[in-house]
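Remarks on the structure that follows.
The values are calculated or read from the model by the stated rules, or taken from the named source; none is laboratory data. Bear in mind that the values here come from a model prediction, so they are computed numbers and not experimental data. Glycine gets a Cβ as well: all are built from the backbone with ideal geometry, and neighbour counts include every protein chain shown. Areas reflect the complete protein model, heavy atoms only, side chains present, ligands, DNA and RNA absent. Shrake-Rupley method; radii C 1.70, N 1.55, O 1.52, S 1.80 Å.
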Amino acid sequence: MSHSLTNYDALMGEEEVEEEVGEEVRSIAVDGGEEGGEGEETRFAAGVAVTRNAASLTRTGTLIDLSRAEAHRRDMKQRLLVQQQQQQQEEEDKKKEHSFSPVTTSSSSTTTHRVPSKLAALLRSGNGEGGASYAQVLRRYERSGTLHGLMRVRGFTQDDAHIFCLPSQLQEEIRGVLDLVESILSKFGFSEYEVMLSTQPEKSVGSPEIWTAATAALVGALERKGWGYEVDEGGGAFYGPKIDIKIRDAIGRLWQCSTIQCDFNLPERFGLEYVADDGAKKRPIMVHRAIFGSIERFFGILVENTAGDFPLWMSPVQMRLLPVTDKAFEHAQAVKKRLALAGYRVEVDAGSERLGKQIRNAEQARIPVMGIIGAKEVESGGVTIRTRLGGQLGLYEVEELVAGLGHAVAETKELHEVLEVREEVKEEKEKEKEGV
């Protein structure tokens, strides 16, 4: 059965909608009549009628604001589209002998997601063998008083991936994910985190043997990694045990980010099987893994922890060129073009301030690298480099600068940790010390 995407009333039923609208019009019209007379009553009724065309009514019959109504309408359209896609998929599945088409719903999402009908499609979408990786946009209604910047939002992106493995491979796969978590979090400067192991709840799926083996694999991976952890008895999901990794923000609060979750339920719903060494068909184990968790939350924590003072490799503006005179502006633009072609984020200070003010403005804006361009730099075709954390480095050719930036970004270092201070700069510093 197909639906028109624009026929929103069909979802609720026209009679139900009209009944709700009529009740709301009558109740508000009566209130308006009591306060302002018949003219006021008419305006209230007209206002409700207009609102009815622009926004839907909630199930309790109260009007919701236009923004929520529009979001709700879009959600209904999306559900209809998903429903149509599901119906088409089911028709295709009936024609395929080994097809499967289960539906999974995130507990924190109002949107139902359909898994592709063939396991091969899942594996082809993955990063490497045996895994599928993608990002999901999840939405949930949060009361306005509970919203908290980027930390708690109504729509967030989750970096989700799935690993399919044999029970005997589980511990090694978990260890690999823990290594990946440590590698990525350390790149962003997070080195201290708390680890929580959540075990079998009272209501669960899967045999006791598989729960014991999976929990032992998680414990073994953590012990091999050398990470301490706390146990949350009965805190696992109904479909498998999990590891949660929490990081601290600038004021010491813990936020859950990375999650490694075993899943015994979906392989059964998918009908997944593999042929074991003894020739018997058995179920694999599925592992959900998220490194950042909510990407919005992670970057909210990152912005607070760095106070906007990002390292060179992730700074929104990596370098600002400071032309000293109008004649140097053309050379500055040429340098910017070369660096931009190499993939770096560079801007030119087109202001008319003195050099000291330009440097101060760049440092206050937390620009990691500054390139001073005056008559000497125009003549030589180079740039005098100054870093916010390392001070003056001296005159460098543009290609040397490109190579230095590449080295620094690749190793997540600052430029002054890669480029040496020129001898003339060292001599100037020595003279300054002697003068003092």
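Quick notes on this structure:
- Listed residue pairs exceeding 23 Å between alpha carbons, taken from LYS327/LYS426; LYS246/LYS282; LYS357/LYS429; LYS327/LYS376; LYS336/LYS413; LYS77/LYS203: LYS327/LYS426; LYS246/LYS282; LYS77/LYS203
- A cut-off of 5 Å between modelled amide H atoms, ignoring neighbours fewer than 5 places along the same chain, links ILE373 with LEU322, VAL324.
- In order along the range 307-321, the phi-based Karplus estimate (6.51 cos²θ - 1.76 cosθ + 1.60, θ = phi - 60°) of 3J(HN,Hα) comes to 6, x, 8, 6, x, 3, 5, 10, 5, x, 10, 7, 8, 10, 8 Hz; Gly and Pro are listed as x.
- When HIS416, HIS162, HIS288 are compared by accessible area at a 1.4 angstrom probe, the order from most to least is HIS416, HIS288, HIS162.
- In this structure the range 280-436 gives 53 Å² per residue of accessible area when probed at 1.4 Å with all protein chains present.
- Separation of the ARG143 and SER380 label points, Cα + 7 Å toward Cβ, nm: 6.5
- ALA403 versus ALA307: modelled label distance in nm, points set 7 Å from Cα along the beta carbon direction: 3.7
- Length gained when the stretch GLU353-ASP179 is fully extended (0.36 nm per residue, less Cα-Cα span): 57.8 nm
- Rounded if a/c under 1.5, otherwise prolate or oblate - the range 330-399, Cα gyration tensor axes: rounded
- Average accessible area per residue (Å²) across the range 162-239 - probe 1.4 Å, nucleic acids and ligands excluded: 52
- When peptides 277-285, 329-337 are ranked by their average number of other Cβ atoms within 10 Å per residue, the highest-first order is 329-337, 277-285.
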